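Any read-out appearing in this document is the output of simple, stated calculations on the displayed coordinates, not a laboratory observation. Bear in mind the structure is a predicted one, so any value in this text is a computation, not a measurement. We place every Cβ from the backbone using ideal geometry, glycine too, and count neighbours over all the protein chains shown.
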Protein chains: 2
Amino acid sequence: MRTDVNTLGEFGLIEHLTRAFPLNNPSSVKGVGDDAAVIDNGPFCTVVSTDMLVEGIHFDLAYMPLKHLGYKAVVVNLSDIYAMNAFPRQITVSIAISNRFSVEALDELYAGIRAACEAYGVDLVGGDTTSAPKGMVISITAIGQCEKELLTYRNGARVGDLICITGDLGAAYLGLQLLEREKQIWQENPGIQPDLEDQKYAIGRQLKPEARREMIETFRKVGLKPTSMIDISDGLASEIFHICKQSRVGALVEESGIPMHPEAELLALKFKLDPATCALNGGEDYELLFTIDPADVEKVKYLPEIYIAGEILDAKDGIKLNTKGGNLHDLKAQGWVHF
Amino acid sequence: MRTDVNTLGEFGLIEHLTRAFPLNNPSSVKGVGDDAAVIDNGPFCTVVSTDMLVEGIHFDLAYMPLKHLGYKAVVVNLSDIYAMNAFPRQITVSIAISNRFSVEALDELYAGIRAACEAYGVDLVGGDTTSAPKGMVISITAIGQCEKELLTYRNGARVGDLICITGDLGAAYLGLQLLEREKQIWQENPGIQPDLEDQKYAIGRQLKPEARREMIETFRKVGLKPTSMIDISDGLASEIFHICKQSRVGALVEESGIPMHPEAELLALKFKLDPATCALNGGEDYELLFTIDPADVEKVKYLPEIYIAGEILDAKDGIKLNTKGGNLHDLKAQGWVHF
């Protein structure tokens, strides 16, 4: 079935898309349906992050199901809120779409958005829905809360701090390479079904990433406040550069300390790529990179999925990578270049 | 001069575009440059509104200078915050642009954004900058503050309340008609310079609208709390329908009570349009429509630029327009249909 969005009209469409979203957070005073949403903050700081995803740049609907896209679009924003050591409470979702998208297609997208809202306990409180001459653009703003004294910025790393990572890196990037390859094969031979069965992990990391909510909850439980934190969206190297630049420090990263999933390592070799390069520059894993005071090492030592991958140095020592072979290189931040 | 955005890179571009934006509000704890912005709310409610503007749908760069576009994009969002009886404090700005836009073009856009930030006392605290295969999309989220007991929703109008409007309507729509006509003439005869000199008011209302900040300040001063409020972005008729639907009431609108600027009335006649229809369905004037308890009439009676244009009725009486000729019609909400 294909219902043209024109049959609903703008307000009808907004109502249709958002009526299944309940407000669950006590701080969500007013959601969709007025000029603005209202959030009661009490004694907390409000934390706001926004991301724009553009079809053809950030996602390819040839292999990204709309439901996954909706889920991922929310998760990447929540990841930014967690990276402040804060908890997301509300989101607004704006979309611009061409008339090639039916109401059913938007329902799929919003089903994914709803699944993410439910999984992370956030409320959809507003947004905008408009037409576009071409393609799809999704802009999400996430709003979170944090006690002021627990907020963790990128600029707090100090010399001697330990560099920690919350999980394995590189798989999301390799999942994308795999999807791109299968898309090309499929375009050349539409009869051939893509074979992705044995790479479920990497594909999952690309199509359905998760944000590190439970890690922030754990920090609260063990009484840990990182000295600095950032989420790994553009690749570990790029994020280390952000931390070092804003904290005015250098860093030593141990290649042997960078966690990788065995499937990602194998996949890298299949693609004739250096696994460490994938982990350093791959991006989209949405793990957290953070630094801790060495006095806090006992708090993270026995926690699952926290890896110590290096140390903060003085700014004049630069940003270095100690390879598995024992060579010391200058780290390069490739990241993603969209322009 | 035309600097390709590629020469700056994504982070360089963000820095370039946002470094001239100071944080002036005490509540703006952290602005651009981390995973998220941080807002200290104290005892206030946070109010959030978001709007997406798409080239070819919401704006036409053939006659909309980029600086004006930046200004207007901010103002339309602030207008939503004022319509909650709240004061905007922060905005985030996300843009997706094709490579046809140079750094200088973006500087123009951001100069307009900055001018609006300065005029309304709001801080730019975040955003996203990305490429698009085509055109330009701007998504702005505005964040405001309000004492909880002063928040004014769309659903508070009661039978007997007076319907008020803060200024004249229809001019922005007629300004758009004029610009569209001149664009067509220019496209057919590129030698002819557009002649807009004697329609400065309507053009200004379209290209550089303002939000009704001083009206909300006046409400505070005279101790007035409207029972309901909405900003007039889609046209008076459409907004009255929103108020009536959410408040479960009807309304009687007096055509003679709808304020119009003399230039707009003349322009309507030139275009062979009914002036009242332009005022009712034109939109983009960003005036406020609000209802007040009749006991509060003394508070607004002598205020400049507040017009009483009707009365709230019981829902069963419907939504009526009493024309200048003395006929009673059902009001129709045309609004804007983008899809």
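Using helices alone, I'd like the mean residue ellipticity at 222 nm for chain B: each DSSP H run of four-plus residues gives -39500 (n - 2.57), total over residue count, nearest 500.
Details: 10 runs with 114 residues, N = 339.
Roughly -10500 deg cm²/dmol at 222 nm, from the helical runs in chain B.
Helix B:236-247 versus the longest principal axis of chain B: what is the Cα-based angle in degrees, 0 to 90, to the nearest 10?
Tilt relative to chain B: about 70 degrees.
Which whole number in µm²/s is D for the protein assembly as shown by Stokes-Einstein, with the Kirkwood Rh taken over Cα pairs at 10 °C and 1.306 mPa s?
60 µm²/s
I'd like the trypsin sites (Lys or Arg not before Pro) in region A:263-300 restricted to DSSP loop residues with at most 11 other Cβ atoms within 10 Å, sorted by number.
Filter output for region A:263-300: A:Lys272.
What are the distances, in nm and sorted shortest first, from the label point of B:Asn24 to the label points of the same position in each other copy, with each label point placed 7 Å from Cα along the Cα-to-Cβ direction?
Between copies, matching label points for B:Asn24 lie 4.0 nm apart.
How far, in nm to one decimal, is B:Glu118 from itself in the other copies if the label point is set 7 angstrom along Cα toward Cβ? Shortest first, please.
Values, ascending and in nm: 5.0.
Which aspartates and glutamates have a Cα lying under 14 Å from the Cα of A:Lys183, excluding residues fewer than 8 positions away in the same chain?
A:Asp60, A:Asp195
Run the reach check for B:Lys301 against lysines, Cα to Cα strictly under 24 Å, same-chain hits fewer than 8 apart removed. What comes back?
List returned: B:Lys221, B:Lys225, B:Lys320, B:Lys324.
Based on Cα coordinates alone, diagonalise the gyration tensor for region A:5-150, multiply each eigenvalue by 5, take square roots, and list the semi-axes in whole Å, largest first. Display every interim value, and only then the final one.
Details: eigenvalues 138, 59, 28 Å².
Computed over region A:5-150, the values are 26, 17, 12 Å.
Tilt of helix A:9-18 relative to the longest C-alpha principal axis of chain A, in degrees (0 to 90, nearest 10)?
Taking the Cα atoms of chain A, the angle to A:9-18 is about 50 degrees.
Applying a 10 Å radius around every beta-carbon, put B:148-157, A:322-331, A:228-237, A:186-195 in order of their mean neighbour count, most first. Let's see the in-between values first.
Details: B:148-157: 19.2, A:322-331: 11.4, A:228-237: 25.3, A:186-195: 9.8.
Those peptides, ordered most packed to least, come out A:228-237, B:148-157, A:322-331, A:186-195.
With respect to the cross-link table entries A:Lys67/A:Lys208; B:Lys148/B:Lys208; B:Lys200/B:Lys270; A:Lys148/A:Lys316, which display a Cα-Cα separation exceeding 21 Å?
B:Lys148/B:Lys208; A:Lys148/A:Lys316
Relative contact order for region A:78-180: what is it in percent, counting Cα pairs under 8 Å that are at least 6 residues apart?
On the way: 109 pairs, mean separation 42.3, N = 103.
Across region A:78-180, relative contact order equals 41 percent.
What FRET efficiency would be calculated for the residue pair B:Leu303, B:Asn24, taking the C-beta separation as r and a Förster radius of 30 Å, to the nearest 0.05?
For R0 = 30 Å, the calculated efficiency reads 0.60.
Could you work out the pair-distance distribution P(r) of region A:158-215 from its alpha-carbon pairs, with 10 angstrom bin width and percents rounded to whole numbers?
Result, from short to long distances: 20, 36, 23, 13, 6, 2 percent.
Compute the length gained on full extension between B:Gln193 and B:Lys270: take 0.36 nm times their separation in residues and subtract their Cα-Cα distance, giving the result in nm to one decimal.
Here the answer is 25.7 nm.
In whole angstrom, and with the biggest value first, how far do the Cα coordinates of chain A range along each principal axis?
64, 58, 34
Which three extents, in whole angstrom, do the alpha-carbon atoms of region B:162-330 cover along their principal axes, largest first?
That works out to 59, 37, 26 Å along the principal axes.
Where both partners of a DSSP beta bridge lie in chain B, what percent of those bridges are antiparallel, to the nearest 5?
Here the antiparallel bridges make up roughly 75 percent for chain B.
Helix A:103-120 sits at what angle to the longest principal axis of chain A, using alpha carbons and giving 0 to 90 degrees rounded to 10?
Roughly 40 degrees between the two axes.
What is the Cα radius of gyration of region B:85-153 over 2.2 N^0.38 Å, N being its residue count?
So the Cα radius of gyration is 1.34 times the expected 2.2 N^0.38 Å.
Inside 10 Å of the C-beta atoms of B:89-100, what's the mean count of C-beta atoms belonging to other chains?
The per-residue average across the peptide is 3.
Note the distances from A:Ala295 to each other copy's matching label point, with points 7 Å along the Cα-to-beta-carbon direction, in nm, sorted shortest first.
Values, ascending and in nm: 6.0.
Ranked by Cβ crowding within 10 angstrom, fewest neighbours first, how are A:His242, B:His16 ordered?
B:His16, A:His242
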